[in-house]
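Engineer: The structure's right below; bear with me while I get my questions together.
No lab work stands behind these numbers, since they all come straight from the coordinates. It should be emphasised that the depicted structure is a prediction, and the values quoted were computed from it without experimental measurement. With ideal geometry, Cβ positions are generated from the backbone for all residues, glycine too; neighbour counts draw on all protein chains shown.
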Amino acid sequence: MVVKQGAEFYGIVVSRRDYRERDMLVQILTDKYGFKTFFVRGVRKRGFKLGAAILPFTHGTYLGTINDTGLSFITATREIQQYLALTQDIELNAYAAYLLSLAQKALSERQLVFGGWFLKLRQALELIDAHFDPAIITNIIEIQLMTEFGVRPHLEDCVVCQRSDGPFDYSENYGGLLCQKHFHLDPHRLHLDQRTVYYLRLFSVVDLSRLSSIKVRPETKTMLRKTLDEIYQSQVGIYVPAKKFLDQMAAWDLGKNKP
């Protein structure tokens with residue numbers, strides 16, 4: 001076990017759960033050590049000073065002891081803030097929780113720290129907290145995370161002939177786009193409309209730090225959701241429990257909108 005005492009890091013509180021009578025285990029996404037679980041003693045004691053710092057979706061600078069294995073410890077914090085919209089809006093909260101859960105399954109500590117993913121996830125949370133469309137921010141992260149799961153859909157051009165102008169469709173058998181000339185190669189391609197294909201291609205390369213606004217038609221958002229669910233189910237082969245609540249919310253919305 002390697003111990004880093006007096007460690008200083010930027011962190012985002014992901015979740016927490018009771019441990020024994022007065023203690024808690026707090027999971028934090030950190031900029032230097034990835035996802036770490038911290039043992040916090042005496043949470044329910046009168047005068048406990050770290051209460052605000054361990055609320056979900058709190059972020060700021062933390063100081064403490066980092067253990068490579070087992071639990072780590074927090075000793076102090078500074079410049080602590082909270083993503084208020086994420087804590088107050090159940091829908092935004094659900095999207096943020098899903099993104100963090102998905103990232104935890106996909107990313108190693110090295111990928112988070114040196115692969116730029118900590119910053120990308122932080123930007124995603126900030127955008128959702130600022131009321132950018134959470135479904136679209138989620139789609140962007142989902143598409144870009146596929147590579148970390150070992151799945152890299154070929155979205156630049158036609159897989160067969162490298163033609164870069166459409167129309168295109170997505171083929172799971174070929175692992176990417178087929179141009180119209182090669183549609184016959186896969187009768188089971190997803191039969192996507194061109195607007196959905198456009199956003200799949202855009203989201204695979206978009207830089208969240210440069211995203212100022214984005215609006216997508218409801219019907220296209222529905223198709224994007226169906227397409228990504230299909231790819232994750234058939235190619236990535238992973239399902240995050242936090243996704244279940246998002247699916248339930250989508251079903252509720254669909255029911256409300258029926259005549």
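Engineer: Take every Cα pair under 8 Å in the chain that's 6+ residues apart, average their separations, divide by the length, and report that relative contact order as a whole percent.
Structural biologist: Computed value for the chain: 14 percent relative contact order.
Engineer: Please report, in whole Å³, the volume per residue of the convex hull around the C-alpha atoms of the range 63-209.
Structural biologist: Normalising the Cα hull of the range 63-209 by residue number yields 149 Å³.
Engineer: Here is a further query. Classify the range 148-216 as rounded, prolate or oblate, taking a ≥ b ≥ c as the square roots of the eigenvalues of its Cα gyration tensor: rounded when a/c is under 1.5, otherwise prolate if a/b is larger than b/c and oblate if not.
Structural biologist: Verdict is prolate for the range 148-216.
Engineer: Cα centroids of the range 78-95 and the range 109-186: how far apart, whole angstrom?
Structural biologist: 26 Å
Engineer: Mind pulling the angle between the C-alpha long axis of helix 117-129 and the longest principal axis of the chain? Nearest 10 degrees, somewhere in 0 to 90.
Structural biologist: Its long axis makes an angle of about 90 degrees.
Engineer: Which angle between 0 and 90 degrees, to the nearest 10, do you get for helix 218-231 versus the longest principal axis of the chain when only C-alpha atoms count?
Structural biologist: 80 degrees
Engineer: Kirkwood hydrodynamic radius, the range 1-137, all distinct C-alpha pairs: what's the number in Å?
Structural biologist: Mean inverse Cα-Cα distance, inverted, gives 15.3 Å.
Engineer: Rounded to whole Å and ordered largest first, report the semi-axes of the equivalent ellipsoid of the range 3-82 derived from its Cα gyration tensor (root of 5λ). Let's see the in-between values first.
Structural biologist: Values: eigenvalues 61, 42, 27 Å².
Gyration-tensor ellipsoid for the range 3-82: 17, 14, 12 Å.
Engineer: Distance between Cα centroids, the range 212-238 to the range 1-65: provide it in whole Å.
Structural biologist: Computed from Cα coordinates, the inter-centre distance equals 34 Å.
Engineer: Relative contact order of the range 3-82: what whole-number percent is it, with Cα pairs under 8 angstrom and at least 6 residues apart?
Structural biologist: 33 percent
Engineer: Now a separate question. Pairing the Cα long axis of helix 134-145 with the longest principal axis of the chain, what angle in degrees results, from 0 to 90 and rounded to the nearest 10?
Structural biologist: On a 0 to 90 degree scale, this one is about 80.
Engineer: Which value, in nm² and rounded to one decimal, describes the direction-averaged projected area of the C-alpha convex hull of the chain?
Structural biologist: Numbers: hull surface 66.6 nm².
The orientation-averaged projected area of the Cα hull of the chain comes to 16.6 nm².
Engineer: Please give the charge dipole size of the range 154-259, origin at the Cα centre, charges +1 on K and R Cβ atoms and -1 on D and E Cβ atoms. Round to the nearest 20 debye.
Structural biologist: Rounded to the nearest 20 debye, it is 440 debye.
Engineer: In whole angstrom, and with the biggest value first, how far do the Cα coordinates of the range 54-117 range along each principal axis?
Structural biologist: 34, 29, 22
Engineer: With +1 on each Lys and Arg Cβ and -1 on each Asp and Glu Cβ, how big is the dipole of the range 3-82 about its Cα centre, in debye rounded to the nearest 20?
Structural biologist: Computed about the Cα centre, the dipole is about 360 debye.
Engineer: May I pose another question? Which listed residue (Leu224, Gly150, Met24) has the Cα farthest towards the positive end of the charge dipole for the chain, taking +1 on Lys and Arg C-beta and -1 on Asp and Glu C-beta about the Cα centre?
Structural biologist: Positive-most Cα among the choices belongs to Met24.
Engineer: Moving on to the next point. Can you give the FRET efficiency to the nearest 0.05 for Leu84 and Glu109, using r as the Cβ-Cβ distance and R₀ = 35 Å?
Structural biologist: 0.75
Engineer: How do Tyr33, Tyr10 line up, fewest other C-beta atoms within 10 Å first?
Structural biologist: Tyr10, Tyr33
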